[in-house]
Amino acid sequence: QVQLVESGGGLVQAGGSLRLSCAASGGTFSMYAMGWVRQAPGKEREFVARISRGGSNTDYADSVKGRFTISRDNAKNSVFLQMNSLNAEDTAVYYCAARYLFPSSSDTDYSYWGQGTQVTVSS
């Protein structure tokens with residue numbers, strides 16, 4: 001059983017940056033592909049980014065491509081999401097998620113989820 005805890009959310013002005021962190025425990029972190037998923041008020045959950053077990057393969061939603069960067073540190077059992085050039089449409093609760101072995105760009109493929117961290121971008 002993998003436990004995930006996100007941190008780093010907050011209130012930021014449009015054009016600003018935030019870095020989200022997700023700390024994992026309870027499993028062999030390097031065996032899990034990781035993803036970030038967000039959910040805005042009144043909207044469905046949306047895939048944001050994913051990263052392979054070793055970190056060499058990443059993928060992004062078109063809406064964040066070029067602005068967000070996902071990375072991981074297997075020695076520290078952590079995954080990160082660097083978010084730059086934020087805009088109001090990025091306002092959402094951001095969730096860290098884990099999937100055994102293989103990455104996926106579908107949020108429904110992930111088995112383990114954190115509690116989420118709120119990101120609010122003011123315009």
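Do we find a residue being touching a Pro at 6+ places or on another chain (Cβ under 9 Å), more than 20 Å from V2 (Cβ to Cβ) and surrounded by fewer than 20 Cβ atoms within 10 Å (Cβ to Cβ) anywhere in region 59-72? Scanning region 59-72 turns up at least one residue that is touching a Pro at 6+ places or on another chain (Cβ under 9 Å), more than 20 Å from V2 (Cβ to Cβ) and surrounded by fewer than 20 Cβ atoms within 10 Å (Cβ to Cβ). In region 87-106, the residues that are under 12 Å from I51 (Cα atoms) and modelled with pLDDT of 95 or more form Cβ pairs under 7 Å with partners that are β-branched (V, I, T) and assigned to a strand (DSSP E or B), at six or more places apart or across chains, as follows: C96/V79; A97/V37.
Strands (runs of 3 or more DSSP E) fully within region 72-123 that include at least 2 residues being in contact with a Phe, Trp or Tyr (Cβ under 7 Å, 6 or more places away or on another chain) and aromatic (F, W, Y): 92-100. Per this entry, R19 is not counted among residues that are buried (at least 18 other Cβ atoms within 10 Å of the Cβ) and assigned to a strand (DSSP E or B).
Out of the residues in region 22-46 meeting the condition of being touching a Phe, Trp or Tyr at 6+ places or on another chain (Cβ under 8 Å) and hydrophobic (A, V, I, L, M, F, W, C), tell me which one is most open to solvent (accessible area, probe 1.4 Å). For region 22-46, the residue satisfying everything is M31.
Looking only at region 76-94, count how many residues are within 14 Å of S21 (Cβ to Cβ) and either of a type in the set (A, V, I, L, M) or open to solvent by less than 50 Å² (accessible area, probe 1.4 Å) (or both). Break it down into steps so the answer makes sense when it comes.
Within region 76-94, the first condition is being within 14 Å of S21 (Cβ to Cβ), and the residues that meet it are 76-83, 94.
Add one more test, that the residue is either of a type in the set (A, V, I, L, M) or open to solvent by less than 50 Å² (accessible area, probe 1.4 Å) (or both), and what stays is 78-81, 83, 94.
Residues in region 76-94 being within 14 Å of S21 (Cβ to Cβ) and either of a type in the set (A, V, I, L, M) or open to solvent by less than 50 Å² (accessible area, probe 1.4 Å) (or both): 6 in total.
When region 95-115 is examined, which residues are found to be open to solvent by 30 Å² or more (accessible area, probe 1.4 Å) and hydroxyl-bearing (S, T, Y)? Selection gives Y95, Y100, S105, S106, T108, S111, Y112.
The values are calculated or read from the model by the stated rules, or taken from the named source; none is laboratory data. Predicted model, so just to flag it, every value in this text is computed and none were measured. Please note: Cβ atoms are built from the backbone with ideal geometry, for glycine as well, and neighbour counts cover all protein chains shown. Note: areas computed on protein heavy atoms with side chains; ligands, DNA, RNA excluded. Shrake-Rupley method; radii C 1.70, N 1.55, O 1.52, S 1.80 Å.
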